[in-house]
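Chemist: Here you go, one structure.
The values are calculated or read from the model by the stated rules, or taken from the named source; none is laboratory data. For clarity, every value in this text was computed on a predicted model and none was experimentally measured. Note that we place each Cβ from the backbone using ideal geometry, even for glycine, and neighbour counts take in every protein chain shown. Accessible surface areas use protein heavy atoms only, side chains included; no ligands, DNA or RNA. Shrake-Rupley method; radii C 1.70, N 1.55, O 1.52, S 1.80 Å.
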Amino acid sequence: MSEEPAGLPQVETHCPYCALQCGTRLTGGEAAAVEVAPTGFPVNRGKLCRKGWTAPQLLTTTDRLTRPLVRRPDGELTGASWPTALDAVAARLRELRAEHGPDAVAVFGGGGLTNEKAYLLGKFARLALGTSQIDYNGRFCMSSAAVAGNAAFGIDRGLPFPVTDLRQARTVLLAGANVAETMPPLMQHLESADLVVVDPRRTATAQRAALHLQPVPGTDLPLALGLLHIAIVDARIDRDYIRLRTQGFEAVARQAMAWWPERVESVTGVPAETLREAVRLLAAAPNTYVLTGRGVEQHRQGTDTAAAFINLALALGLPGTPHSGYGCLTGQGNGQGGREHGQKADQLPGYRSLTDPAARAHVAGVWGVRPQDLPGPGRTAYTLLDALGRDDGPRALLVFGSNPAVSAPHSSHIAQRLRSLDLLVVADFVPSETARMADVVLPVTQWAEEEGTMTSLEGRVLRRRALLKPPAQVRSDLDVLHGLAVRLGEPFHRYPTEPREVFEELRRASQGGPADYSGISYERLDSGEALHWPCPETGTPHPGTPRLFLERFAHPDHRARFTEAQQHEPVRESRSEYPLHATTGRVLPHYQSGAQTRRVADLNDTVPEAFVQVHPDTAKRCGLADRCLARVTSARGSTTVRVTLDPTMRTDTVFVPFHFAGDASANLFTHPTLDPRSGMPEFKTSAVRLEFLPE
Ligand SMILES: Nc1nc2c(c(=O)[nH]1)N[C@H]1C(S)=C(S)[C@@H](COP(=O)(O)OP(=O)(O)OC[C@H]3O[C@@H](n4cnc5c(=O)[nH]c(N)nc54)[C@H](O)[C@@H]3O)O[C@H]1N2
Ligand SMILES: Nc1nc2c(c(=O)[nH]1)N[C@H]1C(S)=C(S)[C@@H](COP(=O)(O)OP(=O)(O)OC[C@H]3O[C@@H](n4cnc5c(=O)[nH]c(N)nc54)[C@H](O)[C@@H]3O)O[C@H]1N2
Ligand code: SF4
Ligand SMILES: [Mo]
């Protein structure tokens with residue numbers, strides 16, 4: 001840890017990026033001189049990844065948004081005062097609502113927003129706008145695992161145990177998760193475990209594995225069924241656990257019987273003996289964890305696939321025991337809290353359902369409205385974006401904390417929908433690709449300039465703390481929502497601008513819900529208590545719940561559910577025209593749509609442009625050499641990227657990171673097919689061909 005210069009302001013907070021929420025100490029009196037250092041916080045214990053170390057660079061990025069921008073009739077975005085910008089937005093929203101009804105206005109949120117922002121955004125949509133049309137980018141993230149987790153366990157908390165429990169693990173199955181690049185400090189907790197990694201690529205994580213299963217992308221469902229098959233046939237399942245703590249095993253076991261190892265091998269490409277070895281490792285260890293990431297979830301059968309890995313974990317008797325378990329690795333900074341407090345299409349705060357009359361009555365009571373004043377559920381993220389500007393779709397969109405012009409599947413189509421709007425408003429701190437398309441851009445604070453709470457991947461509620469004052473013309477998202485709400489005729493007091501005040505209201509709104517925060521306060525968090533939800537308000541301070549399910553699962557009968565997979569129609573695409581599987585994902589130095597990390601020189605210099613990772617034989621067949629330019633083409637469109645040869649790749653599979661924009665955007669070729677249960681797009685498999693592109 002670095003020596004702190006004496007006398008400079010200092011705060012303990014957490015990294016602005018991923019859901020690991022590494023603990024950091026920020027030091028410095030001005031934005032240009034902020035220094036970051038890791039703390040001893042248990043998930044990162046003195047470590048940060050490069051994104052964490054370089055996060056302060058974004059505070060002073062040269063194109064930081066420092067005043068509102070309004071598009072002039074000649075098409076130019078030009079500076080405007082806050083009252084002018086907010087008046088213009090409110091006036092247009094009122095017109096559109098009067099003409100087309102409240103659902104003419106839509107809201108798109110993000111899993112990076114603090115709990116306070118996510119909560120107030122949902123309230124603003126339902127009350128100030130009266131719209132049902134709100135959803136968020138978390139739908140693109142862990143929504144399939146969330147649906148599967150709710151169905152299996154009765155509650156969805158990504159990790160139902162602290163990250164540090166993994167230190168005792170003897171075997172960890174990482175299915176479609178490349179944590180060595182996506183959450184590097186987490187690797188220190190996996191040092192003594194044998195890793196079984198399921199990934200079509202030999203990633204940095206797979207290189208550390210005791211066993212690497214390298215399937216064809218999109219074949220994890222048969223793979224998981226095959227692992228269960230072997231566990232049953234080899235008598236490695238925990239029959240007592242299944243009898244006492246679960247229901248529904250028989251039907252799932254029948255389904256798994258159809259997936260004998262050689263059949264699985266023919267579909268997935270993973271040798272039958274490797275499958276058997278994986279089951280031996282998983283069943284041999286007393287302390288075994290099954291963890292899933294986006295690789296298995298971002299498919300049209302992502303919910304069923306996550307459920308199939310949960311079924312495997314249940315059959316082995318892992319979830320809800322002290323030294324074993326199942327978890328989904330939530331991705332965004334507040335990916336967990338952001339999915340609990342009401343920015344989802346079908347949701348009210350506290351992870352309550354918008355269609356549950358008791359939930360509506362409770363939240364309406366806290367908000368001082370009648371239950372019938374709350375709209376019903378709206379469209380999920382991709383369906384919402386796809387409906388923009390259509391006859392029956394929204395005419396205006398407000399975006400807080402997402403860059404869908406880059407990160408949504410079939411992005412050229414989504415960009416066209418965004419262009420067809422009467423009004424696009426984007427709140428951001430940088431001119432993201434989506435912000436640059438907006439009619440009004442509202443400049444907001446960054447993490448080091450604001451207070452709030454985040455809920456990490458392990459369900460622990462954390463304090464984000466301000467080191468700096470924001471630039472003069474920059475406001476918080478809470479201020480923006482307040483300013484718009486009062487202009488739309490809402491009572492002043494309904495939209496507090498102080499994060500602590502919003503949190504006090506969130507506590508009450510979440511009280512009694514699955515994600516109950518009512519026993520958590522800024523005071524308790526500031527005194528250093530480790531509080532995982534649920535943490536209800538009780539006579540004596542509730543200690544929070546670091547480990548869920550130890551005594552019972554959250555279903556009324558206290559049992560976990562096995563769930564059978566449904567049949568999924570394959571997307572039919574010409575294999576002769578598009579002979580390769582393309583998959584997409586992340587590299588260490590970039591974050592998401594790249595709106596932030598492409599602006600951090602130290603990160604962007606490491607990976608300055610998009611690439612396609614290809615096996616040398618495949619490259620040769622397509623007439624490609626290392627470092628040449630190539631076009632990756634699907635039935636949706638083409639992406640232009642540089643070839644990187646990699647002999648560890650499957651010869652039928654290529655990989656493109658999705659952090660880049662313009663011609664190099666991976667989402668130009670991805671498929672907008674959705675998982676019918678979660679609304680998750682098929683980011684992880686596209687049928688493509690590769691072509692040489694002369695420079
Ligand atoms: N550096 C970095 N870290 C991040 C982020 C970032 O953008 N950059 N984003 C954060 C967020 S929001 C998230 S959601 C997490 C995501 O974290 P991860 O899930 O670890 O990230 P991905 O790279 O999307 O996907 C993981 C792996 O899935 C593999 N994969 C692709 N297709 C398949 C398939 O069909 N089956 C299987 N089994 N595997 C497949 C890919 O090769 C990839 O290595 O990372 C978080 N951390
Ligand atoms: N092909 C492909 N596409 C994918 C994925 C994939 O694996 N492959 N992964 C998907 C996943 S898992 C995710 S999570 C999504 C993420 O994709 P996006 O939603 O586009 O995520 P970000 O790039 O983080 O965009 C966040 C934007 O909000 C801004 N921002 C950050 N914090 C705040 C804040 O507090 N307030 C406001 N107003 N703005 C803020 C940032 O500057 C940035 O412009 O991408 C999905 N898209
Ligand atoms: S692992 Fe995630 S939270 Fe930790 S420093 Fe890196 S980006 Fe930040
Ligand atoms: Mo994500």
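Chemist: Can you check what the net charge comes to around H558, using other residues whose Cβ is under 12 Å from the Cβ of H558 (Lys, Arg +1; Asp, Glu -1)?
Modeler: Surrounding charge for H558 is +2.
Chemist: Using a cut-off of 12 Å between beta-carbons, work out the net charge of the residues near L65 (Lys and Arg +1, Asp and Glu -1, L65 not included).
Modeler: +3
Chemist: Over the chain, give the accessible area per residue in Å² for a 1.4 Å probe, as an integer.
Modeler: Ligands and nucleic acids excluded, the result is 34 Å² per residue.
Chemist: Which entries of K51/K117; K47/K469; K51/K469; K47/K123; K123/K684; K123/K469 have Cα-Cα distances beyond 29 Å here?
Modeler: K47/K123; K123/K684
Chemist: Can you give me the relative contact order of the chain as a percent, contacts being Cα pairs under 8 Å and 6 or more apart?
Modeler: Reported as a whole number, the value is 19 percent.
Chemist: Would you be so kind as to identify which of L580, V654, P608 lies farthest towards the positive end of the dipole of the range 580-693, taking Lys and Arg as +1 and Asp and Glu as -1 on Cβ and the Cα centre as origin?
Modeler: Looking along the dipole axis, the top candidate is L580.
Chemist: Then there's this: Scan around L348 for amide H atoms under 5 Å from its own, H built in the peptide plane at 1.01 Å from N, and keep only partners 5 or more places away or cross-chain.
Modeler: S353, L354
Chemist: Could I ask something else about it? Considering the range 165-221, what Rg and Dmax in Å follow from its alpha-carbon atoms?
Modeler: 10.9, 31
Chemist: Could you work out the Kirkwood radius for the range 561-695, taking every pair of different alpha carbons, averaging 1/r and inverting it, reported in Å?
Modeler: Its Kirkwood hydrodynamic radius stands at 15.7 Å.
Chemist: If you average over every viewing direction, what projected area does the convex hull of the Cα atoms of the range 146-328 give, in nm²?
Modeler: 9.0
Chemist: State which stretch of the chain is the longest one without any exposed trypsin sites (Lys or Arg not before Pro), exposure meaning a DSSP loop state and at most 12 other Cβ atoms within 10 Å.
Modeler: 1-389
Chemist: Run through the DSSP bridge list for the chain and note the antiparallel percent, rounded to the nearest 5.
Modeler: If we restrict to bridges inside the chain, about 45 percent are antiparallel.
Chemist: Something else: Based solely on its DSSP helices, what 222 nm [θ] is calculated for the chain when runs of n ≥ 4 H residues each add -39,500 (n - 2.57) and the sum is averaged over all residues, nearest 500 deg cm²/dmol?
Modeler: -7500 deg cm²/dmol
Chemist: If you roll a 1.4 Å probe over the range 146-328 with all protein chains in place, what percent of the accessible area is carbon or sulfur?
Modeler: 49
Chemist: Next up: Modelling each spin label as a point 7 Å along the Cα-to-Cβ direction, I'd like the E551/K620 distance in nm, to one decimal.
Modeler: Once both label points are built, they end up 6.4 nm from each other.
Chemist: May I pose another question? At 0.36 nm per residue, and after removing the present C-alpha to C-alpha distance, how many nm does the segment from A272 to A472 gain when stretched out fully?
Modeler: 65.7 nm
Chemist: Obtain the nm distance between the two label points defined at R45 and D346 by a simple spin-label model: each point lies 7 Å from its Cα along the Cα-to-C-beta direction.
Modeler: Going by the 7 Å Cα→Cβ label model, 4.0 nm.
Chemist: What does the charge add up to near E191, with Lys and Arg as +1, Asp and Glu as -1, over the other residues with Cβ less than 13 Å from its Cβ?
Modeler: Result for the neighbourhood of E191: +4.
Chemist: Sorted from largest to smallest, which semi-axis lengths in Å does the alpha carbon gyration tensor of the chain give for its equivalent ellipsoid, taking the root of 5 times each eigenvalue?
Modeler: Values for the chain, descending: 37, 30, 26 Å.
Chemist: Projected onto the charge dipole of the chain (+1 at Lys/Arg Cβ, -1 at Asp/Glu Cβ, origin at the Cα centre), which of A235, A284, T380 gives the Cα projection farthest towards the positive end?
Modeler: A235
Chemist: Place +1 on the Cβ of every Lys and Arg and -1 on the Cβ of every Asp and Glu in the chain, take the dipole about the Cα centre, and give the residue among V43, H555, P491 whose Cα lies farthest towards its positive end.
Modeler: H555
Chemist: Quick one: putting +1 on the C-beta of Lys and Arg, -1 on the C-beta of Asp and Glu, what dipole do you get for the chain around its Cα centre, in Debye to the nearest 20?
Modeler: 460
Chemist: Okay, next question. Under a point-charge model restricted to the Cβ atoms of Lys and Arg (+1) and Asp and Glu (-1), what is the dipole moment magnitude of the range 452-524 relative to its Cα centre, in debye to the nearest 20?
Modeler: The calculation lands at about 220 debye.
Chemist: Still on this structure, please answer the following. Straight-line reach from K620: which aspartates and glutamates have Cα under 14 Å away, leaving out those fewer than 8 places along the same chain?
Modeler: Of all the aspartates and glutamates, those that pass the test against K620 - Cα under 14 Å, at least 8 places apart if same chain - are D646, D652, E691.
Chemist: What is the distance in Å between the Cα centres of the range 11-67 and the range 629-695?
Modeler: 32
Chemist: How large is the direction-averaged shadow of the alpha-carbon convex hull of the range 1-145, in nm²?
Modeler: Here the figure is 12.6 nm², rounded to one decimal.
Chemist: Next up: Give me the compactness ratio for the range 421-517, meaning the Cα radius of gyration over 2.2 N^0.38 Å.
Modeler: After normalising by residue count via 2.2 N^0.38 Å, the value is 1.24.
Chemist: Starting from the 7 Å offset along Cα-to-Cβ, what nm value, one decimal, do you get for the label separation of T606 and T60?
Modeler: 2.2
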